[in-house]
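Please treat every number below as a calculation from the coordinates, not as lab data. Treat the numbers as computed from the prediction; the structure is a model and nothing was measured. Note that we place each Cβ from the backbone using ideal geometry, even for glycine, and neighbour counts take in every protein chain shown.
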Amino acid sequence: MFVTTAGRTNEEMIAQAREIADELKADFVPRKKRSVIAIQKIIQEDCLVVGKERLELYPFGEKEPFFFHPNSAMFRIKRLMKGESDPLIEAGKLEAGMSFLDCSLGLGSDSIVASFVAGKTGSVIGIEARQELAFLVKSGLKTWDSGYKSINQAMYRIKVNEGYSLEFLKKQEDNSIDCIYFDPMFDESILESDGIRGLTHFAVYEGLSKETIDHAMRVARKRVILKDHFRSKRFEEFGFQVYQRKSAKFHFGVIKKE
C-alpha cells in the first residue's frame, strides 16, 4: 500500500499524509495532479488517500474508494433510543458497565452499538487483522460526526487492536471479558450494503477453530456470541444455542458461562 493526498491538497495535508505513511511503514507518493487510478497503474498497490474530511482506501483494481462510516449502527442505536430491541444486545444480554470484545471488527458497527449500551463505565475492544483497515476505522471512530453526542462518544470509546483474535485471546486472563463476539460473515458473502461490500477486498479469512472458541470460553465471563448465516454448521459444531430470527439471513448463537 502507498499513501497520497486528495487532488486538491495543501502543505498541512501533505505533512499529515507523510506522517501516516511513516506510521504504516508505507511509501508516500506525491499526487502531482494525477488520478489515483493513474498512480496505481504505475505502482500497482492499494492506496490510502488523505483528504480534508476523511481517509479513503482505494483497493488496487477498483474504481470506488472505501471509507469509514457507522453503517447500520446509526439506525440500530436510534431504535434503542426509542426503547426498541437489538438482536446483538439481546443475545449478549449486554448492559451498562459490561466489557465487550469484537473479534471481527470490520467497520465497527456492532462495536459501536455495544459501546453505546456499555456506556462510559463499560469497555469495548475491536480486533482487526488488516493494518490499513484497522488504521482507517480507528481514525474514523475518533473523527466521524454522527450528529449525536452520545453516538460520537460511543465511537470514541472503542479501542481498536490490530492483530488476530486468537493471538489476542491467548494473552487475556481467565474470565476477564464479559462478552466475546465473532462475526465470520465473509464466509457466506452476505453483502447487505455497499459499506459491507467494500470490506470484501480487505477481509482476512481467519475462520473459527476449536482453539479459538476454547480460548474465548476461557476468557469470557458471561457469554460467547456468534453471528452467522442461518445455514451455518458452526452453531452446532461449537455448541452454540441459536436465537433464530424469522426471515433473517443470519442468526445469533450463544454459549453461556453463567
Residue-wise, which Karplus ³J(HN,Hα) couplings in Hz belong to segment 4-16, taking 6.51 cos²θ - 1.76 cosθ + 1.60, θ = phi - 60°, and x for glycine or proline? 9, 10, 5, x, 8, 10, 8, 5, 5, 5, 5, 5, 5
The chain - convex hull of the alpha-carbon atoms, volume per residue in Å³: 132 Å³
Can you show me the helix-derived [θ] at 222 nm for the chain, built from DSSP H runs with n ≥ 4 at -39,500 (n - 2.57) apiece and divided by the number of residues, rounded to the nearest 500. -10000 deg cm²/dmol
Taking 225, 77, 14 and counting other beta carbon atoms within 10 angstrom, the fewest-first order is 14, 77, 225
Mean projected area in nm² (Cα convex hull; one quarter of hull surface) for segment 2-58: 3.4 nm²
Exposure proxy ranking, count of Cβ atoms within 10 Å, fewest first, for 94, 80: 80, 94
Over the chain, what is the relative contact order in percent, taking alpha-carbon pairs closer than 8 angstrom and at least six residues apart? 14 percent
Mind scanning 63/227; 25/138; 171/227; 120/227 and naming the pairs with a C-alpha gap bigger than 19 Å? 63/227; 171/227; 120/227
Estimated vicinal HN-Hα couplings, Hz - segment 43-58 in sequence order (Karplus 6.51, -1.76, 1.60; Gly, Pro = x): 8, 6, 9, 4, 10, 9, 9, 9, x, 5, 9, 6, 9, 10, 9, 10
How much length is gained if the chain between residue 143 and residue 18 is pulled fully straight, taking 0.36 nm per residue apart and subtracting their Cα-Cα distance, in nm to one decimal? 43.1 nm
What order do you get for 215, 229 when you list them from fewest to most C-beta neighbours inside 10 Å? 229, 215
State the answer as a single residue: which of 89, 51, 9 lies farthest towards the positive end of the charge dipole of the chain, with beta carbon charges of +1 for Lys and Arg and -1 for Asp and Glu, about the Cα centre. 89
Among GluC sites (Glu not before Pro) in segment 67-155, those in a DSSP loop whose Cβ has at most 10 other Cβ atoms within 10 Å are 84
Once amide H atoms are built 1.01 Å from N in the peptide plane, which residues 5 or more positions from residue 119, or in another chain, come under 5 Å H to H? 97
